[in-house]
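Below is one structure; the comments refer to it alone.
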Amino acid sequence: KLNSVRLTPGPVPRDSLVRLTGSGAWRMFFSIDPQGGVAIYDQIVRQVKFAIAEGTLGAGQLLPSVRLLSQQLAINPNTIARAYLQLQADEVVESLRGRGLAVCAGAPQRCRAVRRTLIAQRLRSVLAEALHGGLKATEIREIVRSELESLSGTVNTISSDPDEAASS
């Protein structure tokens, strides 16, 4: 089962929306897979970094409190706290006394670099497996092209609303 929550400004309806303070209108969708082989705290760290890289979260914007996010995702608060500590250690967010955690000024550039590196590493692993399995570079290119075409318009980004995508 996937745990998910959308983060968006405005009133909080009953369906797992969390109100975040910060400048500008934006939304963020967390998708947590407890069976996915990646630690839950690391999934949160990656998704926050990807949201910052994409521009969904900007410098100065506040993250939801540990309590609020843990309730919305039905995840242990210690897991959320661990993710937030990692984001602080990575200099992506900073603590604002009396306010919470906010995205650091230089975070977007760092997060774009992290996103690119992470995706490149994962692709390298898959490409190495394909080459090891005997596929030729032209076959791999065709598979990649075909898969990109089949995914076009069907994958929710960190900022997309999955309910809107499902209804269209």
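Just so you know, all these numbers are worked out from the coordinates, no wet-lab data involved. Given the structure is predicted, the values throughout are model-derived calculations rather than measurements. Positions of Cβ are generated from backbone atoms using ideal geometry, with glycine treated the same way; all protein chains shown enter the neighbour counts.
Determine, from the Cβ-Cβ distance of Arg67 and Glu94 and an R0 of 22 Å, the FRET efficiency 1/(1 + (r/R0)^6), rounded to the nearest 0.05.
It comes out at approximately 0.65.
Under the combined filter of DSSP loop state and at most 14 neighbouring Cβ atoms within 10 Å, the range 62-158 retains these trypsin sites (Lys or Arg not before Pro): Arg97, Arg99, Lys136. Please work out the C-alpha center-to-center distance from the range 36-68 to the range 84-111 and express it in whole Å. Rounded to whole Å, the Cα centres lie 10 Å apart.
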